[in-house]
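Take a look at the structure below.
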Amino acid sequence: MNQDSKRVALITGSTGGIGTALCRKLSEEGYRVVGNFRNQQKAQQLQAELAADGHDIELAHGDVADFEAVGAMVRDVEEHIGPIDILINNAGITRDTSFVKMSKADWDAVLNTNLNSVFNCTRHVINGMVERRYGRIINISSINAQKGQYGQTNYSTAKAGMHGFTKSLALEVARYGITVNTISPGYIATDMVMAVPENIREKIVAQIPVGRLGGPVEIAEAVAFLISDKSGFITGSNFAINGGQHMS
Ligand code: CAA
Ligand code: NAP
């Protein structure tokens, strides 16, 4: 397919575990993938790794916690690559610690990166989607927004905020052919989970009925389904993908 006729998908946090799987899957599905990053070296590594398998992706630098930087990034992508049809708000961080020890910096970093980023990115792409009467927005939340998690008051708050955002925005933009959905992954085998001390991680895995961590590709498969043209009736939803660890 000609590059110009492909739908453009912007994936934030593309250099991470889930982001990399998203880039690969969406490229396989025929989207023109733009991977947002903040670390040049990691981004070039990702681009080379995918190119070796025949996937040409574009890169877009920007700190998603910075409203102005995101604005500049979106303008640059839309000018040089094309209008953004699909936005996957995937960038995220953890700063786990019990609340009695939590610093203001731990709180702000997690809220800015995981939740304010959703405003920053969506705000800069939404008007174009409305004008073009088409859009797909996916917010990557977490099982820990649904069930809570010791040591994650900041993260659970940010990820739970995404649900309210998804539902309200879905109501406002449904009439323009734009869908907005949340995916709530359980524990997926990426650097984020591998940073949890091994003894604690083992206890968490023991609570997962399927008996293992999820794979990043298992999240990417669900995203590919939700952004397809066939999923136009799915909006304001939350998809829990957690190996049976939490059912609500
Ligand atoms: N329930 C009850 N008690 C718990 C507990 C739990 N789930 N987890 C830890 N504790 C207890 C410890 O056993 C310890 O008890 P003692 O003092 O009696 O020894 C005590 O709490 C430690 O408390 P602290 O206040 O000292 O805790 P801390 O500030 O050092 O934080 C922690 C500990 C960093 C939160 C650590 O427990 C941890 O890493 N937990 C895992 C958190 C987690 O699951 N993070 C997910 C990261 S991946 C991700 O976020 C992706 C996703 O969306 C799924
Ligand atoms: P990861 O491997 O740590 O990747 C996180 C990505 O986000 C990295 O590319 C990171 O870039 C990027 N990022 C962080 N802050 C950023 C910022 N300010 N601007 C731009 N990019 C930024 O983690 P992951 O597991 O793939 O997580 C992806 C998303 O899934 C996160 O939102 C996470 O909360 C969510 N999630 C993960 C799990 C899980 O179990 N893994 C479960 C539920 C939800 P750098 O590499 O440069 O830091």
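Hey, any idea what % of the chain's accessible area is carbon plus sulfur with a 1.4 Å probe? It would help to have the intermediate numbers written out before the result.
Numbers: 6050 of 11850 Å².
That share works out to 51 percent.
Computed on the stretch 198-248, with alpha-carbon pairs under 8 angstrom and 6+ residues apart, the relative contact order is 50 percent.
Solvent exposure of the chain, expressed per residue, is 48 Å² of accessible area, with all protein chains present and a 1.4 angstrom probe.
Of the peptides 123-130, 141-148, 6-13, how do they stack up when ordered by the mean number of other Cβ atoms within 10 Å, highest first?
Numbers: 123-130: 17.5, 141-148: 22.0, 6-13: 24.6.
Those peptides, ordered most packed to least, come out 6-13, 141-148, 123-130.
Work out, step by step, the length gained on full extension between ARG175 and ILE241: first 0.36 nm times the residue separation, then minus their alpha carbon distance; give nm to one decimal. All intermediate terms of the calculation are to be shown ahead of the outcome.
Details: separation 66, 0.36 × 66 = 23.76 nm, distance 2.79 nm.
Taking 0.36 nm per residue and subtracting the Cα distance, the gain is 21.0 nm.
Modelled spin labels at LYS104 and ASN127, positioned 7 Å past Cα toward Cβ, are 3.3 nm from each other.
Ordering ALA109, GLY92, SER248 by Cα displacement along the dipole of the chain toward the positive end leaves SER248 in first place; charges were set at the Cβ atoms of Lys, Arg (+1) and Asp, Glu (-1). Working note: Debye formula, equal point scatterers on the alpha-carbon atoms of the chain, no solvent; log10 I(q)/I(0) at q = 0.07, 0.13, 0.17 Å⁻¹ is -0.22, -0.77, -1.36. Accessible area of GLU68 (1.4 Å probe, protein heavy atoms only, ligands and nucleic acids ignored): about 130 Å².
The slack between PHE225 and ALA72, meaning 0.36 nm per residue of separation minus the straight C-alpha distance, is 52.1 nm. Summing +1 for each Lys or Arg and -1 for each Asp or Glu, what net charge is found among the other residues whose Cβ lies under 12 Å from the Cβ of ASN89? Counting the neighbours of ASN89, the net charge comes to +3. Contact order for the chain, expressed relative to its length and based on alpha carbon pairs under 8 Å spaced 6+ residues apart, stands at 19 percent.
Extension gain for GLU58-ILE204 works out to 48.9 nm (0.36 nm per residue, less the C-alpha to C-alpha distance).
The values are calculated or read from the model by the stated rules, or taken from the named source; none is laboratory data. Everything quoted here is computed from the prediction, not taken from an experiment. Heads up, the Cβs are rebuilt from the backbone with ideal geometry, glycines too, and the neighbour counts pull from every protein chain shown. These area figures cover heavy atoms from the full protein model, side chains too; ligands, DNA and RNA do not enter into them. Shrake-Rupley method; radii C 1.70, N 1.55, O 1.52, S 1.80 Å.
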